[in-house]
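Before any comments, here is the structure.
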Amino acid sequence: MQSKIVDVLIIGAGPSGCVAAAYLKQKGLDILVVEKSKFPRFVIGESLLPRCMDHFEEVGLLKCLDDYGFEIKRGARFMQGDIICEFDFSKKFSEGWNWTWQVPRADFDNLLVEEIKKMGVQVAFEHEVVDVAIDENGVSATQVKDKNGVLYTVEAKFIIDSSGYGRVLPRLLDLDKPSAIPEHSSLFTHLVDVKRPEGREGTLITFDVLDLDTWFWVIPFSNGTTSIGFVGKNELFEKYSEDTAEKMKEMLKLSKYYYERFEGVDFSFKPYMIKNYSKSVKQLYGKGYALTGNSAEFLDPVFSSGVTFATESGLMAAKLIAKELQGETVNWEADYKGYIMKGVNVFATYVKEWYTGNLQKIFFHPNENPEIKKQICSVLAGYVWDENNPFVKNHNRLVKTVAKFIDLEKETI
C-alpha cells in the first residue's frame, strides 16, 4: 500500500474519533481514521450522560442514533440495602439535555462509524499504528500495519489519539503516568435478561452499592440483553474462582436485590476482567498531536463519565485543530488542557469522595436537600463545566462540607 498524506490522522473509530472526524470533515479537511479492530466489536462504557447528546447533535450524528431505538436513560438509581437514591435528569440544576441512552457499544459505535463514512470520511479497519515520528513542526510520519501485515506510512499535519484503552500515543511517546484514583478492578459481561421485570423496573440503570468500595451495575438495553458488572478493590476478586464465569456466578450472590433475577442465566460471553482500570498521562497534547477520551484520562465507571469525556475532548481537539490549520493562533494549554482538566478534576473529586464514603453519605441520607440534589444531579448528567453550579465551582470542598454536616447531625440525634 502506498503512503498517504492527510490533514489529520485519527487513531480509533470509537465515539471520540467519530465526533472529531465528523467535525473536521464538515470543515473541509482531509481525514483518515485507522482502527485496529473490525467493527462491530465489543467495548465497555455503555451508559451515556446527557452532556454527550450536545456533541452528537453539533456534528450531525444524533439522528442516526435516535432512529435506532436505544434504551432511554432519564436518570440513575443508586441502592444501598433498602435505601434508594434516585436521580432524575429533568430535575438538575444546569440547562441541557434531560435524557440520553443505555447502549450496547458494538451497535452504537458501528452506527457512528457508518455515519461518518457516509459523510465521506476514510476509515481503515484492522489497521494498527506501530510507530510514530513527529518533527519539530508537528508534522508526523506514522507507520501503520494493515490486516495482511503490510506496512505503510501516513503523513499528517496533526494526530488525534482516540484509541481508548489501546492508548497508542501514550505507549509510543512514553506519556503514561500513574492515576491518583484508588486501584480498583472490574468484572463484567452481558446476558439475555429472561427474568426482566415489566415496566420501568426492567429498564432502569442501577448501581447496587454493596460496601464502601464494592458496587454492582445493571444496565438494561432495548434489545433484551443487560450489561452487569462488579467493581471493587483488587483483593475482592481474589477471594473467588480464577475462572471469570465462575467468579461472576459466585459474586452475584453479593447482590441480594438482583441475585434472583440473574441466577442461572447464561452469560452472552465469558466475563471480562480489567485490573487497575484508572489511567492518566503526563500531558494531554504536544506539537502536532492531542490525546482524547480514555487514551488520555480514565477515572472510574461509577458515574459513567467515559463516553462523555471522550466526545467532549474529541470535539474540542477537532475545533482547535481546525483553527490552527486555518492559520489561527491556538492556546492549547488554556483552551484544551485547561478546559478538559476542569471537567476531569470535578469528576475526579466525585470519584474520590465516593470511595471515601462522603458522597455515599449524601446520596443515602434520609433527609435529602432538594437544591443540593439538583446540583449534584447536574454533575452526574455530565455538566461539569457549568461553574454557576456550586457543586462544580466548589467541588473540592462542598462534598466534604455537606458530609461533615451529616455526621454532625447524626451525633446530635
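The values are calculated or read from the model by the stated rules, or taken from the named source; none is laboratory data. Owing to the predicted nature of the structure, the values given are computational and were not obtained by experimental measurement. Positions of Cβ are generated from backbone atoms using ideal geometry, with glycine treated the same way; all protein chains shown enter the neighbour counts.
Of note, Thr308 does not satisfy the criterion of being touching a helix residue (DSSP H, G or I) at 6+ places or on another chain (Cβ under 9 Å), outside any helix (DSSP H, G or I) and either over 15 Å from Val384 (Cα atoms) or not hydrophobic (A, V, I, L, M, F, W, C) (or both). Residues being at pLDDT below 95, among the β-branched types (Val, Ile, Thr), surrounded by fewer than 24 Cβ atoms within 10 Å (Cβ to Cβ) and in contact with a Lys or Arg (Cβ under 6 Å, 6 or more places away or on another chain) are entirely absent from segment 44-58. Among the residues of segment 259-279, just one is hydroxyl-bearing (Ser, Thr, Tyr) and surrounded by 19 or more Cβ atoms within 10 Å (Cβ to Cβ), namely Tyr277.
There is at least one residue in segment 305-328 that is touching a Leu at 6+ places or on another chain (Cβ under 6 Å), buried (at least 21 other Cβ atoms within 10 Å of the Cβ), within 24 Å of Ala13 (Cβ to Cβ) and not small (Gly, Ala, Ser).
Within segment 343-351, not a single residue is in the same structural domain as Glu58 (by TED's automatic domain parsing), closer than 20 Å to Gly164 by Cα, buried (at least 16 other Cβ atoms within 10 Å of the Cβ) and in contact (Cβ under 8 Å) with a residue 60 or more places away in the chain.
The single condition from (1) free of Cβ contacts under 8 Å to residues at least 40 places away in the same chain; (2) surrounded by 20 or more Cβ atoms within 10 Å (Cβ to Cβ) that Arg200 fails is (2).
The criterion of at least 3 residues that are of a type in the set (Ser, Thr, Tyr) and at pLDDT below 95 is met by the following helices (runs of 4 or more DSSP H) wholly inside segment 330-408: 339-356. Checked against the criterion of being farther than 30 Å from Val6 by Cβ and among the charged types (D, E, K, R), the candidates Asp208, Asp146, Asp135 yield just one match: Asp208.
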